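Down below is the structure, laid out as structure tokens.
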Amino acid sequence: MNAIFLGPPGTGKGTQAERISVELGIAHISTGEMFRQLANEGNPVGVEAKEKYWGKGNLVPDDLTIKLVKERLAKEDCKKGFILDGFPRTIPQAEALDKITKISKVIDIESSEEIIIKRLSNRRQCSKCKKIYGIDVPPKKEGICDICQGKLIQRDDDREEVIRDRLKVYEKQTKPLIKYYKEKLITVDGEQPIDKIKQDIIKAISLK
Ligand code: AP5
């Protein structure tokens with residue numbers, strides 16, 4: 001099962017990929033998470049990517065992104081299958097991916113701009129284990145992760161002006177992938193409750 005989760009920022013790709021990868025015992029690969037981790041570690045390439053690109057809502061250049069994903073897909077835990085969350089995001093990335101591996105399903109999770117802005121401005125993430133919280137998934141204790149007691153933080157790119165830029169970038173650079181993958185594409189309504197979306201995706205990826 002090699003799947004891509006497509007969809008605009010804040011539609012729930014990470015929330016669903018986290019849950020479904022655990023349930024299916026496959027790898028969850030989030031390029032956004034990879035970039036945030038590199039910047040947090042002080043890696044010079046990662047810090048530059050934050051300052052010049054993702055911190056401003058722009059895409060990180062294709063060559064760097066493709067290199068990272070190629071290395072990640074070669075790891076042992078991807079042998080049983082994987083979910084790509086946030087990759088590809090451009091046509092050149094999709095073409096490069098076709099040369100690296102075969103994709104079985106592409107799940108497009110769709111939500112309106114109004115819902116997205118509300119979700120992203122309320123999203124918090126654990127600074128240690130990276131668990132995502134939101135209005136519908138609040139932590140038991142405000143500001144503290146239920147799982148590891150880490151501090152919950154707001155992502156640098158979740159400020160409203162950056163969210164609007166990310167949405168524009170999605171429309172221009174990522175949406176063309178819907179046509180690119182039309183043979184494998186399954187669209188899921190991302191405005192439903194989290195568990196219902198999960199059921200819809202599991203059903204969609206089980207179809208031959
Ligand atoms: P990335 O981290 O991939 O961000 P994104 O695609 O913008 O997606 P998000 O993580 O913001 O949202 P999501 O769809 O995962 O939603 P989530 O589940 O968190 O990338 C960040 C940046 O890195 C990019 O902008 C770009 O610059 C760079 N980058 C990454 N990949 C790249 C690539 N391939 N090429 C170039 N650059 C790249 O949910 C959002 C909130 O809603 C949460 O609070 C959650 O709890 C809540 N929620 C989720 N589902 C529901 C629901 N059904 N009901 C109610 N609340 C819900």
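FYI, it's all coordinate maths here, none of it is from the lab. For clarity, every value in this text was computed on a predicted model and none was experimentally measured. Heads up, the Cβs are rebuilt from the backbone with ideal geometry, glycines too, and the neighbour counts pull from every protein chain shown.
Of the peptides 47-57, 179-189, the ranking by mean beta-carbon count within 10 Å, highest at the top, reads 47-57, 179-189. For the chain, the antiparallel share of DSSP beta bridges with both residues in that region comes to about 30%. Remark: segment 139-152, residue by residue, has Karplus-estimated 3J(HN,Hα) of x, 5, 10, 4, x, 10, 5, 5, 7, 10, 6, x, 7, 8 Hz, where x stands for each Gly or Pro and the curve is 6.51 cos²θ - 1.76 cosθ + 1.60 at θ = phi - 60°.
Report relative contact order for the chain in percent, whole number only (criteria: Cα-Cα under 8 Å, sequence separation at least 6). Write down the numbers at each step before the final one.
Numbers: 297 pairs, mean separation 62.9, N = 208.
Across the chain, relative contact order equals 30 percent.
Kirkwood hydrodynamic radius, computed over distinct alpha-carbon pairs, for the chain: how many Å, to one decimal? After inverting the mean inverse Cα-Cα distance, the result is 17.4 Å. Each peptide among 136-146, 106-116 gets the average number of other Cβ atoms lying within 10 Å of its residues, and from highest to lowest they stand as 106-116, 136-146. Each helix, a run of at least 4 DSSP H residues, gives -39500 (n - 2.57); summed and divided by the residues of the chain, these come to -13000 deg cm²/dmol at 222 nm.
Quick check on my link table: of Lys79/Lys130; Lys79/Lys203; Lys79/Lys168, which ones sit more than 32 Å apart, alpha carbon to alpha carbon? Before the final figure, lay out the partial values.
Details: Lys79/Lys130 24 Å; Lys79/Lys203 22 Å; Lys79/Lys168 35 Å.
The pairs that break the limit, which is 32 Å between Cα atoms, are Lys79/Lys168.
For segment 122-191 versus segment 25-45, the spacing of their alpha-carbon centroids is 15 Å.
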